[in-house]
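One structure is given here, and the rest of the page talks about it.
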Amino acid sequence: MTPTRALIPPPQLSHENSLKTLVENRTVYTLDACELNLFETYENSQLVPLRFSDFVVTSMLRGKKIMHLFDDPAFEYLPGETVVIPSNVEMKIDFPEAEFQNPTQCLALAIDQQKIDRTIELLNERYPKEGSSMWQLDHQNYFFYNNVELAATIGKLIHECMSTSVAKDILADLTLQELLIRIIQTQTAKSLERDQLSDNHHPIAQVVAFIRANIRESLTLKILSDRACMSASSFYRVFKRETGMSPIDFVLHEKIRHAKKLLRDPYLQVNEVGYMAGFDDPNYFIRLFKKQEGITPKQFQALNVG
């Protein structure tokens, strides 16, 4: 069972009479710094090629695709998920379930490279990261689940791109900046989860290692900020800015992640797992687990014990 994904409200599908093709029917909205492409597919197809000359953010809105990207194994692509792809990289796409009554819909937001460069330069100049790391897009970390903030930002961009307002280019430009920040934050959080942060001396990386080594403990903001040798307010601001979540939200996320590993043991009871993950109140553990994963710990255990 995969973690909960934040869904983006999909735009209306094209009218049947306006379809030019049943495979990747394309509607384009062009702005100064980006181009929004909405693709709809109405029939089963395999290995459909697609390539953009700009960096592109893609998000699934309806249905299911199978993505073939780089030399990595093919993977399912579902609503609530986002893939970012460098310029001039060809993807190939299967549509195993697409039919006229069940079409796929996906957005592809191509962003001007100068806009990306200016935004990242601004971030590094005005909001430098701690340690030696810099704000940058991670092209190796290209697939992730949408959190609420990322989904809301993409939804806002869709609205601005499709708007008839005279100010839409300005509003879209500001939202593009927000989107790039959200993507980098999401990639950073995912790298932390996988122990892939490039700067191991970064205070956040050191705190994450401390959290995992003391996952059963009650970890407060003061304990974590002291570990980072920072004031509580500075540590909170840096952590939230770079990962998109508060330190305590991250601690709870790590506790649930640890609990998921423990639940694969069929001999452990749910209450035991909650205690071993640092939850004194079993009811709170069950509520938080269900909120994050969409199912109860017991359901998760039943689905994941071989």
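The values are calculated or read from the model by the stated rules, or taken from the named source; none is laboratory data. Just so you know, these numbers come straight off a predicted model, no measurement behind them. All Cβ positions, even for glycine, are placed from backbone atoms using ideal geometry, and neighbour counts span all protein chains on display. The protein model used for the area step is the full one, side chains on, heavy atoms only, and it has no ligands, DNA or RNA in it. Shrake-Rupley method; radii C 1.70, N 1.55, O 1.52, S 1.80 Å.
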Quiz prompt | Hits in segment 252-306 - residues which are open to solvent by 90 Å² or more (accessible area, probe 1.4 Å) and under 24 Å from A6 (Cα atoms) | solution = K261, R287, K290, K291, K298, Q299, L303
Exercise. Would you point out the residue of segment 129-177, among those that are of a type in the set (G, A, S) and under 21 Å from L13 (Cα atoms), that is modelled with the lowest pLDDT?
Key: S163
Practice problem: Return the pairs, sorted by first residue and then second, in which the second residue is of a type in the set (S, T, Y) and exposed (fewer than 15 other Cβ atoms within 10 Å of the Cβ), the first residue lies in segment 69-82 and is touching a residue at least 40 places away in the same chain (Cβ under 8 Å) and under 17 Å from V48 (Cα atoms), the beta carbons are less than 6 Å apart, and the residues are 6+ apart or on different chains. | Solution: none
Self-check item: Subset of segment 31-50 [at pLDDT 95 or above and open to solvent by 40 Å² or more (accessible area, probe 1.4 Å)]
Solution: E35, E43, N44, Q46, L47, P49
Exercise. Pull up segment 192-204, narrow it to residues that are buried (at least 18 other Cβ atoms within 10 Å of the Cβ) and part of a helix (DSSP H, G or I), then point me to the one that is modelled with the lowest pLDDT.
Key: P203
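Mind telling me which of the residues Q140, Q187 ends up being within 20 Å of L122 (Cβ to Cβ) and either of a type in the set (S, T, N, Q) or open to solvent by 10 Å² or more (accessible area, probe 1.4 Å) (or both)?
On the way: Q140 fails: within 20 Å of L122 (Cβ to Cβ).
The conditions single out Q187.
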Practice problem: Can you confirm whether segment 120-137 contains a residue that is of a type in the set (D, E), part of a loop (DSSP other than H, G, I, E, B), more than 25 Å from A189 (Cβ to Cβ) and open to solvent by 10 Å² or more (accessible area, probe 1.4 Å)? | Solution: no
